[in-house]
Amino acid sequence: MLIKIGYDIEFELGGPTPMVLMLFVHPSRQGDLRQAEELEVEPEVPVSYYTDLFGNRCARLLAPAGNIRLALETVIEDSGEPDPQSPDAVQHNIEDLPDEALAFLMPSRYCEVDKLSDIAWNLFGQTKPGWPRVHAICTWVHNHIHFDYQKANPSKSAFDVYNEKEGVCRDFSHLALTFCRCMNIPARYATGYMGDIGVPVVLPMDFSGWFEVYLGDRWHTFDARHNIPRIGRVVMAVGRDAADVALTTNFGSATLKKFFIISDEIVDVPAGAA
């Protein structure tokens, strides 16, 4: 399956503004790109690239005052299969975890492991460790949190979501991954493209947030908001929580003027079709 991905984003800036961008396919998926991933910046300014502490591809630039447009369109190859399922994936003892997984057991900006630990053990302490436990956590969050775009709040934490019982995809993910950490399962936040492939179309298109857990010596994808395997998920960045994977960070006053995201399957049109 080929998927067209990209965006057209515009900001109005009150003055010269340094920006950090995380608007690229994650290095783990770079080999699947079938067209160059070329960032278009208007007006044209110098752009430099680096890799952050979590292995995400980033760019930085100094934008002039006024409007700045960020655009990119490319094609990525995908298996066309739903998110892989590994129901026998085991949970590791903490002493057996690789060093790099330990950071994803700790509290972070949006994920208060200390506040939710007792709650998590009361809810999930009797579940089978490993994949069944993570699945139980996803199902609980999916069933107890109400999705509402109007409830998006950049300061909302996992503990807030638990108490308010409403939020958007990042809130579902923050609560679920915090519960996983409480249960000694390394869990990290992920963001990227997830178009409406194989499901009813919902507009307007947006970037999406989900999470990954470390079981059976590798990372696995989970999505508490939808709680079903999805097709065409393309990761862009991973981190401890949403604070680590902001797709644009503006070091100054910025007003969002345009935000258009595309993630659509490319379907061949038969010869002679209108």
Among Glu73, Glu37, Glu44, Glu77, which is acidic (Asp, Glu) and free of Cβ contacts under 8 Å to residues at least 12 places away in the same chain? Glu44
What residue, of Thr221, Thr255, is assigned to a strand (DSSP E or B) and not assigned by TED's automatic domain parsing to the domain that holds His144? Thr255
Those strands (runs of 3 or more DSSP E) lying entirely in region 1-75 with at least 1 residues surrounded by 13 or more Cβ atoms within 10 Å (Cβ to Cβ) and within 18 Å of the chain's Cα centre (by Cα): 2-13, 17-21, 57-63
Please find, within region 151-173, the residue that is nearest to His92 (Cα to Cα) out of those that are of a type in the set (A, V, I, L, M) and assigned to a helix (DSSP H, G or I). Ala158
Among the residues of region 148-167, write down those that are at pLDDT 95 or above and either more than 18 Å from the chain's Cα centre (by Cα) or of a type in the set (Val, Ile, Thr) (or both). Phe159, Asp160, Val161, Tyr162, Asn163, Glu164, Lys165, Glu166
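Each row is one residue, and each column tells you yes or no for (1) over 18 Å from Tyr189 (Cα atoms); (2) touching a Phe, Trp or Tyr at 6+ places or on another chain (Cβ under 7 Å); (3) at pLDDT 95 or above.
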position	(1), (2), (3)
Asp78	yes, no, yes
Leu116	no, yes, yes
His135	no, no, yes
His144	yes, no, yes
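Has region 174-191 got at least one residue that is at pLDDT below 95 and assigned by TED's automatic domain parsing to the domain that holds Ala120? Reasoning before the result, please.
Here is the first cut: in region 174-191, the residues at pLDDT below 95 are none.
Taking every residue of region 174-191 in turn, none turns out to be at pLDDT below 95 and assigned by TED's automatic domain parsing to the domain that holds Ala120.
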Between a residue in region 155-171 that is under 11 Å from Gly209 (Cβ atoms) and in the same structural domain as Ala120 (by TED's automatic domain parsing) and any residue that is modelled with pLDDT of 95 or more and assigned to a helix (DSSP H, G or I), which pairs come within a Cβ distance under 7 Å, given they are 6 or more apart or on different chains? Gly167/Val161; Arg170/Ala242; Asp171/Val161
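Table: residues versus (1) more than 27 Å from Arg181 (Cα to Cα); (2) at pLDDT below 95; (3) out of contact with any Pro (no Cβ under 8 Å at 6 or more places or on another chain).
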| residue | (1), (2), (3) |
| --- | --- |
| Val235 | no, no, yes |
| Val238 | no, no, yes |
| Thr255 | yes, no, yes |
| Asp268 | yes, yes, yes |
| Gly272 | yes, yes, yes |
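On the given criteria, is Ala152 under 22 Å from Asp96 (Cα atoms) and small (Gly, Ala, Ser)? Explain how you work it out, then say what you get.
Details: under 22 Å from Asp96 (Cα atoms): no; small (Gly, Ala, Ser): yes.
When the stated conditions are applied, Ala152 does not pass them.
Suppose we filter Ser79, Ser48 for residues that are of a type in the set (Gly, Ala, Ser) and closer than 21 Å to Ile266 by Cα; which single one remains?
Numbers: Ser48 fails: closer than 21 Å to Ile266 by Cα.
So the residue among Ser79, Ser48 that is of a type in the set (Gly, Ala, Ser) and closer than 21 Å to Ile266 by Cα is Ser79.
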Does any residue of region 128-147 turn out to be part of a helix (DSSP H, G or I), of a type in the set (Lys, Arg) and either surrounded by 14 or more Cβ atoms within 10 Å (Cβ to Cβ) or more than 18 Å from the chain's Cα centre (by Cα) (or both)? yes
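Can we say Ala176 is small (Gly, Ala, Ser) and in a helix (DSSP H, G or I)?
Details: small (Gly, Ala, Ser): yes; in a helix (DSSP H, G or I): yes.
Considered against the rule, which asks whether it is small (Gly, Ala, Ser) and in a helix (DSSP H, G or I), Ala176 comes out as yes.
The values are calculated or read from the model by the stated rules, or taken from the named source; none is laboratory data. In this text, all values refer to a predicted model and were calculated from it rather than measured experimentally. So basically every Cβ, Gly included, is an ideal-geometry build from the backbone, and we count neighbours across all protein chains shown.
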